[in-house]
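The values are calculated or read from the model by the stated rules, or taken from the named source; none is laboratory data. Everything numeric here is computed off the predicted structure, so don't read it as measured data. Don't worry about glycine lacking a Cβ; one is built from the backbone with ideal geometry, like all the others, and counts go over all protein chains shown. Calculation scope for accessible area: heavy atoms of the full protein, side chains included, ligands and nucleic acids excluded. Shrake-Rupley method; radii C 1.70, N 1.55, O 1.52, S 1.80 Å.
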Amino acid sequence: MLQTIWLIHPQAEMCAAFENRFAGLAGVMVIQSRLEDLPGHDAFVTAGNAFGMMTAGIDAAVVRLYGPQLMQRIQHRIMDEYLGEQPIGTAFVEPTANAHCPFLVHAPTMRVPGSIAGTDKVYAAAWAALLAIHAHNRVAESKIETAAFPALGTGFGGVAYEEAARQMAAAYRHWVSPPHGLDRD
């Protein structure tokens, strides 16, 4: 069961936006850090693209840390499961073969690198990542208890820090307190 999410970013301004938008939500820790400097955790959520091209931004850091074979596995899985293009709003969990962070959650925020400002793609990616972790934990022996999320969409996506934090917090609130019924009106 996912118990803690780490919201990470190297800049204080983004961390302040995270703290503001996630205030009062249990199981959240804001960490001013780069991916490479994080302590051990169970999963890292990427902020990638629909084709698994992990050559820039946080994805490039993932590849430097866990190796190009992880990117190749991500791309092959996208080819096999999504016929080469993973839709925004979907995510999957992939083993990293690294005990420091055993799983990567691939949750694209954009089709190809470019602006996603003014869209709900950050929410869609964060929600998809949480659902993928939930599905993983229902069946896997190795559970994801701590997942690290970068500031989704704030690099090439051009989403303002406060807006990215708002959309990510909305997805997390929905995950923490899902509806118990649906209105029929």
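Some observations on this one:
- Selection within segment 112-140 - of a type outside the set (Gly, Ala, Ser) and at pLDDT below 95: Val112, Pro113
- Residue within segment 155-177 that is farther than 22 Å from Ala26 by Cβ, open to solvent by less than 10 Å² (accessible area, probe 1.4 Å), touching a residue at least 60 places away in the same chain (Cβ under 8 Å) and of a type outside the set (S, T, N, Q) present: yes
- The residues in segment 117-150 that are of a type in the set (A, V, I, L, M, F, W, C) and open to solvent by 10 Å² or more (accessible area, probe 1.4 Å) can be counted, and the count is 8.
- Residues within segment 158-178 that are outside any helix (DSSP H, G or I), at pLDDT 95 or above and small (Gly, Ala, Ser), tallied: 2
Table: residues versus (1) more than 17 Å from Ala91 (Cα to Cα); (2) among the small types (Gly, Ala, Ser); (3) under 14 Å from the mean Cα position of the chain (by Cα).
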position: Gly118; (1), (2), (3): yes, yes, no
position: Ala124; (1), (2), (3): no, yes, yes
position: Ile133; (1), (2), (3): no, no, yes
position: Glu141; (1), (2), (3): yes, no, no
position: Ala164; (1), (2), (3): yes, yes, yes
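- Segment 17-30: number of residues that are out of contact with any Asp or Glu (no Cβ under 6 Å at 6 or more places or on another chain) and touching a residue at least 60 places away in the same chain (Cβ under 8 Å): 8
- Failed condition for Gly114, given (1) in contact with a helix residue (DSSP H, G or I) (Cβ under 9 Å, 6 or more places away or on another chain); (2) in a loop (DSSP other than H, G, I, E, B); (3) surrounded by fewer than 14 Cβ atoms within 10 Å (Cβ to Cβ): (1)
- Among residues of segment 123-146, those that are outside any helix (DSSP H, G or I) and touching a helix residue (DSSP H, G or I) at 6+ places or on another chain (Cβ under 6 Å), counted: 2
- Test for Phe51: is it out of contact with any Leu (no Cβ under 6 Å at 6 or more places or on another chain), at pLDDT 95 or above, under 19 Å from Gly157 (Cβ atoms) and surrounded by 14 or more Cβ atoms within 10 Å (Cβ to Cβ): yes
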